[in-house]
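Written out below as structure tokens is the structure these notes cover.
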């Protein structure tokens, strides 16, 4: 008993210092650090939107519609990014628009990440027929023009937050599965896994305790970079009117509105797009840095 | 060689089979395809009669069998909106989509391969930084935003290029750049990393030591070997381009399959949706098959696997 109570804190300490070392190495890459700061700021904006935002994102003011950036309203407050076709403050909408984007990003990545991890573990560890079937399934999945399938399914089921998350989540597991499977294929031949097998550990235990922690880093890189892709898809869906429905502000929905006024009010379509660009760029920079730090040979 | 191609062929058939099942399943997602296909104000008797006529009361397997045999004969039913065969509607729009995807691919290859090579050969120079930053931006930029910004600058501000419709070369430029940018970014990064890897190989050093000049080393010795992953990604990117055409075609009012299917979804015209998804996916599968077969000529090691 005492042995375990000593062993556990020691292991945790080691793990923590490993993460700390990783973070220090990551922080030395300036672009990765920059990406991390951008992502942190976007998350902070999403969480603190009601306090950060100077205006209500939904409140309309028809007398003040399509005002260019920097216009003051009668009470003297300034619309920093201007107002849209219904007189709503654009800055407030851009800030609140971070919420559906990140929510869909995190939730969909969680779903596809877990499915992909499971498939990759099982496929790589057991091999044989199971592996064949799962990898053919992956091929089928990859053969789909994803956006087309997503809009078809969402068109039938009706656009709502859960539907969007599940559709993106369920259809994005392949990359995770392939990367994890690749890692497992080499891990299962390693001595510590064979030792565990020789000692009679059950497959489930080996997968969870010995293989999963070692297949985690490539998974993490894929998850980070995939989140950027998911955010672009979310905004593409709302651009097509198949995302989270109005009046909830979404970056894609704002772009679709702005497109109509492209010749008179350039700011409407410009700023929501910049918000997507900055967020996705931040995630990509961070993800690239993470990959180069953790596993430079990983091809994702 | 023969066994490899046969195996890939069988695999593609299997994939097409899976595709057909998913496309069939789209209508059954909500549980009742009759409610999906009929307008919301249809009466209960109408729904019942429609179910009988369409055979929605039959067992699932029978319905799927009927769908599959129809799909193989190019019969996806009538378009609810246009009253024409859904298959014909989609096939008529195919050339426009292929034209756009092809142009986008040309844009991507013409920009990306030189950019990637220069980036790798002149590593850590200003040129490399510029191309890397542009590639990174290109990968992070949503297509639809780029499209709108291009319209803003080239159509609205300077009135240089048309912003919608299909016609001459002028109509093709903005949509092709919009659709091709993401692919350009990916191929640039891949070419750069591929060339960097190859340029550090021993045989390149040998060639240089033997006095081979810079251009032949880069173009003859290095590029040939860096080309293999580029060919693979071109196959994969064609899928991205076909799927991405949905959004680009919507922005530029390009009369292709992508725009047709978005409109079909708005109009709840599901036979057309099914035909479009099935035909685009099949195209993608066949392109990938072709790329893989081509691949065996570039890299004979593949055949042995």
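In segment B:20-42, how many are over 18 Å from residue B:61 (Cβ atoms), in a helix (DSSP H, G or I) and within 9 Å of chain A (Cβ to nearest Cβ)?
1
Inspect segment B:286-300 for any residue being over 30 Å from residue B:38 (Cβ atoms) and part of a loop (DSSP other than H, G, I, E, B) and give the result as yes or no.
Looking only at segment B:286-300, we keep the residues that are over 30 Å from residue B:38 (Cβ atoms), and these are B:286-300.
From the residues that got through so far, the ones that are part of a loop (DSSP other than H, G, I, E, B) too are B:299-300.
Yes, segment B:286-300 has at least one match.
So which of B:106, B:91 is closer than 22 Å to residue B:242 by Cα, at pLDDT 90 or above, surrounded by fewer than 14 Cβ atoms within 10 Å (Cβ to Cβ) and within 18 Å of the chain's Cα centre (by Cα)? Don't jump to the end; show me each part of the working.
Values: B:91 fails: surrounded by fewer than 14 Cβ atoms within 10 Å (Cβ to Cβ).
Step by step, each of B:106, B:91 is checked, and only B:106 is closer than 22 Å to residue B:242 by Cα, at pLDDT 90 or above, surrounded by fewer than 14 Cβ atoms within 10 Å (Cβ to Cβ) and within 18 Å of the chain's Cα centre (by Cα).
From the residues in segment A:21-30 that are exposed (fewer than 15 other Cβ atoms within 10 Å of the Cβ) and touching a helix residue (DSSP H, G or I) at 6+ places or on another chain (Cβ under 6 Å), which one is nearest to residue A:292 (Cα to Cα)?
Residues of segment A:21-30 that are exposed (fewer than 15 other Cβ atoms within 10 Å of the Cβ), as a first pass: A:21-25, A:27-28, A:30.
Then keep just the ones that are touching a helix residue (DSSP H, G or I) at 6+ places or on another chain (Cβ under 6 Å); that gives A:25, A:27.
Working: A:25: 10, A:27: 12 Å.
It comes out as A:25.
Residues in segment A:154-173 that are under 21 Å from the mean Cα position of the chain (by Cα) and either modelled with pLDDT under 85 or away from every other protein chain (no Cβ under 12 Å) (or both): how many?
From segment A:154-173, those under 21 Å from the mean Cα position of the chain (by Cα) are A:154, A:159-173; that's our starting set.
If we keep only those that are either modelled with pLDDT under 85 or away from every other protein chain (no Cβ under 12 Å) (or both) too, we end up with A:160-162, A:164-165, A:168-169, A:172-173.
Going through segment A:154-173 one residue at a time, the tally reaches 9.
Does segment A:112-133 include one or more residues that are within 19 Å of the chain's Cα centre (by Cα), away from chain B (no Cβ under 14 Å), part of a helix (DSSP H, G or I) and within 29 Å of residue B:257 (Cβ to Cβ)?
yes
Among the residues of segment A:250-278, which ones are facing chain B (nearest Cβ under 7 Å), over 22 Å from residue B:253 (Cβ atoms) and without any contact (Cβ under 8 Å) to a residue 12 or more places away in the chain?
Answer for segment A:250-278, where residues must be facing chain B (nearest Cβ under 7 Å), over 22 Å from residue B:253 (Cβ atoms) and without any contact (Cβ under 8 Å) to a residue 12 or more places away in the chain: just A:277.
Where residues in segment A:221-249 are more than 13 Å from chain B (Cβ to nearest Cβ) and either over 19 Å from the mean Cα position of the chain (by Cα) or not in a helix (DSSP H, G or I) (or both), which of them is farthest from residue A:115 (Cα to Cα)?
A:247
I need the full set of residues from segment B:1-11 which are in a helix (DSSP H, G or I) and more than 10 Å from every other protein chain (Cβ to nearest Cβ), in order please. Explain how you work it out, then say what you get.
Our first condition is that a residue be in a helix (DSSP H, G or I); within segment B:1-11, this holds for B:2-11.
Hits for segment B:1-11 are B:2, B:3, B:4, B:5, B:6, B:7, B:8, B:9, B:10.
Go over the candidates A:28, A:77, A:88, A:65 one by one and state the one that is more than 24 Å from residue A:216 (Cα to Cα) and modelled with pLDDT of 80 or more.
Details: A:28 fails: more than 24 Å from residue A:216 (Cα to Cα); A:77 fails: modelled with pLDDT of 80 or more; A:65 fails: modelled with pLDDT of 80 or more.
Just a single option satisfies the conditions, and that option is A:88.
Among the residues of segment A:32-41, is there at least one that is surrounded by 15 or more Cβ atoms within 10 Å (Cβ to Cβ), in a loop (DSSP other than H, G, I, E, B) and touching a residue at least 12 places away in the same chain (Cβ under 8 Å)? Write out each step before concluding.
First, the residues of segment A:32-41 that are surrounded by 15 or more Cβ atoms within 10 Å (Cβ to Cβ): A:32-36, A:38-39.
From what's left, in a loop (DSSP other than H, G, I, E, B): none.
No; the residues of segment A:32-41 include none that is surrounded by 15 or more Cβ atoms within 10 Å (Cβ to Cβ), in a loop (DSSP other than H, G, I, E, B) and touching a residue at least 12 places away in the same chain (Cβ under 8 Å).
Tell me whether segment A:284-297 contains one or more residues that are modelled with pLDDT under 85, under 30 Å from residue A:79 (Cα atoms) and either within 8 Å of another protein chain (Cβ to nearest Cβ) or assigned to a helix (DSSP H, G or I) (or both).
No, that holds for no residue.
With the requirement that a residue be surrounded by fewer than 24 Cβ atoms within 10 Å (Cβ to Cβ) and at the interface with chain A (Cβ under 9 Å from one of its Cβ atoms), what does segment B:241-261 give you?
Result: B:243, B:250.
Let me confirm something: among B:278, B:252, which residue is closer than 29 Å to residue B:134 by Cα, touching a helix residue (DSSP H, G or I) at 6+ places or on another chain (Cβ under 9 Å) and touching a residue at least 40 places away in the same chain (Cβ under 8 Å)? Please lay out each step first, then the result.
Details: B:278 fails: closer than 29 Å to residue B:134 by Cα.
None of the others qualify; the one that does is B:252.
From (1) in a helix (DSSP H, G or I); (2) in contact (Cβ under 8 Å) with a residue 12 or more places away in the chain, pick out the condition that doesn't hold for residue B:56.
Unmet condition: (1).
As an exercise: evaluate residue B:266 against (1) more than 11 Å from chain A (Cβ to nearest Cβ); (2) out of contact with any helix residue (DSSP H, G or I) (no Cβ under 6 Å at 6 or more places or on another chain); (3) closer than 26 Å to residue B:171 by Cβ and give the number of the one condition it does not meet.
Condition (1) is where residue B:266 drops out.
Can you name the number of the only condition in (1) away from chain A (no Cβ under 14 Å); (2) farther than 21 Å from residue B:264 by Cβ; (3) part of a helix (DSSP H, G or I) that residue B:14 fails?
So residue B:14 meets the others, but not (1).
Taking residue B:61, is it in a helix (DSSP H, G or I), away from chain A (no Cβ under 14 Å), farther than 26 Å from residue B:292 by Cβ and modelled with pLDDT of 85 or more? If you could, list the steps in order and put the result at the bottom.
Values: in a helix (DSSP H, G or I): yes; away from chain A (no Cβ under 14 Å): yes; farther than 26 Å from residue B:292 by Cβ: yes; modelled with pLDDT of 85 or more: yes.
Considered against the rule, which asks whether it is in a helix (DSSP H, G or I), away from chain A (no Cβ under 14 Å), farther than 26 Å from residue B:292 by Cβ and modelled with pLDDT of 85 or more, residue B:61 comes out as yes.
Being within 14 Å of chain A (Cβ to nearest Cβ), in contact (Cβ under 8 Å) with a residue 60 or more places away in the chain, under 20 Å from residue A:241 (Cβ atoms) and outside any loop (DSSP other than H, G, I, E, B) is the requirement here; does residue B:194 meet it? Give the steps one after another, and end with the answer.
Details: within 14 Å of chain A (Cβ to nearest Cβ): yes; in contact (Cβ under 8 Å) with a residue 60 or more places away in the chain: yes; under 20 Å from residue A:241 (Cβ atoms): no; outside any loop (DSSP other than H, G, I, E, B): yes.
So residue B:194 fails the test.
Anything in segment B:269-281 that is more than 18 Å from residue A:242 (Cβ to Cβ) and either modelled with pLDDT under 85 or within 9 Å of chain A (Cβ to nearest Cβ) (or both)? List them, or say none.
So the first thing to find is which residues in segment B:269-281 are more than 18 Å from residue A:242 (Cβ to Cβ), and the list is B:271, B:275, B:278-279, B:281.
Result: B:281, single match.
Being in contact with a helix residue (DSSP H, G or I) (Cβ under 6 Å, 6 or more places away or on another chain) and over 18 Å from residue A:100 (Cβ atoms) is the filter here; which residues of segment A:243-265 pass it?
A:259, A:261, A:262, A:263
The values are calculated or read from the model by the stated rules, or taken from the named source; none is laboratory data. On a predicted model such as this, the values are computed, not experimentally measured, just so you know. A quick note on method: Cβ atoms are made from the backbone with ideal geometry, for glycine too, and the neighbour counts reach across all protein chains shown.
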